[in-house]
Amino acid sequence: MSEIFDRRQFTLSTAAGLGSLLLPGWHHSTAVHADVPAISQHRLIELGANALARSAEMNYFADGHRGASMISAHLMCVDNNFDDAASSRIVELFDKNWANAKLCADFPEQDPLPVEEATRQIGLAFADGSGVLRQVGHDAIFAMHAIKAFRMAPELATPDRVAGTCQLIRAFKPWRDVAPAEDVQPPPFDQTEAASRYVLKEASAAIDRFSGFGQGFAGHMLTFGQSLIEMAAMGDVEWAESGRVAFRKYVTVTRMGPQADDRKIKDHAESPLRPNSAEYWQRRGDKSLGLGHVFKYPYAYYDLLARANDPQLKQELDAKAWQIF
């Protein structure tokens, strides 16, 4: 790792106490986790940025997921004021699985690009695919995570990382690229509250529609939609709106429901536990990270709920969220 992060600071004990926090009224917390240096010093942001930038040279799809999940995990912990027990356990899971892999290895020292130039290059890479639905919208999802990471840690926006990330975004292939239905018309993505409510309602309907077929469609409704709303909230409205047609196509596909040849997948067992508690992450075990959806889905979920500011919709989704988590 770079000298910004002294590894000796990151010997984290597994906390036994449980954290069970309510979602705060606003999601951009200024709290720092003094007892979890990996969070307070942006270690997961660096690991995730390294992975996003290197994944095109490896398994772009799976490894890109892993990079984005580390950035999501950091944001989820900080934005929702996760306690140190939950945050420590999440960091421990990355340490046991991906942190020491080649994917996350440090990049050569370089002078970083100006942040706005770095984010412009990523936005242009994403906009190159404008109008095409590419592999469930991961080009948008990963572009947003990279832009967010470089703005949070400008020293990471080196030419090699930016170029690698752009290569990743351009690697995604067309997927179910159907014509969007005329009645699928999300609000402008910079209308944060209305757009967040729209995405959450589509996700709620998808949870019901795909019962017994896994919840990938609902989960990616959250992550795809949230990525465009987050881009717009950062001021990158042009990049966000370049994903409008692709998102409309995704909503159209999702509204079609399971198809005849879709594989049935056993639903999760109902549970009162949620990702804001240490017990949730303890019970998942040490080897259950998959592609990292376990971090990306709840990050998008909590973020959208905070932005939507709709208690009734929150209650509706809380009652079924165990199916996603």
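The table below gives the values:
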{"quantity": "Considering residues of region 216-232 that are under 15 Å from A203 (Cα atoms) and free of Cβ contacts under 8 Å to residues at least 60 places away in the same chain only, the residue nearest to the chain's Cα centre (by Cα)", "calculated": "M221"}
{"quantity": "Residues of region 159-208 satisfying the condition of being among the acidic types (D, E) and in contact (Cβ under 8 Å) with a residue 60 or more places away in the chain", "calculated": "D160, D177, E193, D208"}
{"quantity": "Residue list for region 256-267, restricted to those being of a type in the set (K, R) and either farther than 26 Å from A140 by Cβ or surrounded by 15 or more Cβ atoms within 10 Å (Cβ to Cβ) (or both)", "calculated": "K264, K266"}
{"quantity": "Where K102 falls short, out of the listed (1) closer than 26 Å to V245 by Cβ; (2) open to solvent by 30 Å² or more (accessible area, probe 1.4 Å); (3) of a type in the set (D, E, K, R)", "calculated": "(1)"}
{"quantity": "Which listed residue is within 17 Å of the chain's Cα centre (by Cα) and of a type outside the set (K, R), from G243, G235, G285", "calculated": "G243"}
{"quantity": "Which listed residue is open to solvent by less than 60 Å² (accessible area, probe 1.4 Å), within 23 Å of R134 (Cβ to Cβ) and not basic (K, R), from Y302, Y297, Y280", "calculated": "Y297"}
{"quantity": "When residues of region 115-131 are limited to those that are open to solvent by 10 Å² or more (accessible area, probe 1.4 Å) and of a type in the set (S, T, N, Q), the one modelled with the lowest pLDDT", "calculated": "S130"}
{"quantity": "Breaking point among (1) more than 20 Å from E117 (Cβ to Cβ); (2) buried (at least 24 other Cβ atoms within 10 Å of the Cβ), for L168", "calculated": "(1)"}
{"quantity": "Qualifying position, being over 28 Å from Q215 (Cα atoms), in contact (Cβ under 8 Å) with a residue 60 or more places away in the chain, open to solvent by 10 Å² or more (accessible area, probe 1.4 Å) and under 18 Å from the mean Cα position of the chain (by Cα), among R151, R66, R134", "calculated": "R151"}
{"quantity": "Count of residues meeting criterion [without any contact (Cβ under 8 Å) to a residue 60 or more places away in the chain, closer than 20 Å to R197 by Cβ and β-branched (V, I, T)] in region 233-269", "calculated": "2"}
{"quantity": "Residue within region 269-287 that is within 22 Å of V36 (Cα to Cα), among the hydrophobic types (A, V, I, L, M, F, W, C) and touching a Gly at 6+ places or on another chain (Cβ under 7 Å) present", "calculated": "yes"}
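Yes or no, residue by residue, for (1) crowded, with 22+ Cβ neighbours inside 10 Å; (2) assigned to a helix (DSSP H, G or I):
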residue: A194; (1), (2): no, yes
residue: A206; (1), (2): yes, yes
residue: F224; (1), (2): yes, yes
residue: I229; (1), (2): yes, yes
residue: E238; (1), (2): no, yes
residue: Y250; (1), (2): yes, yes
residue: T254; (1), (2): yes, yes
residue: A269; (1), (2): no, no
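The values are calculated or read from the model by the stated rules, or taken from the named source; none is laboratory data. Because the structure is predicted, anything quoted here is derived from the model rather than measured. Don't worry about glycine lacking a Cβ; one is built from the backbone with ideal geometry, like all the others, and counts go over all protein chains shown. The accessibility values were calculated without ligands, DNA or RNA, using every heavy atom of the protein model including side chains. Shrake-Rupley method; radii C 1.70, N 1.55, O 1.52, S 1.80 Å.
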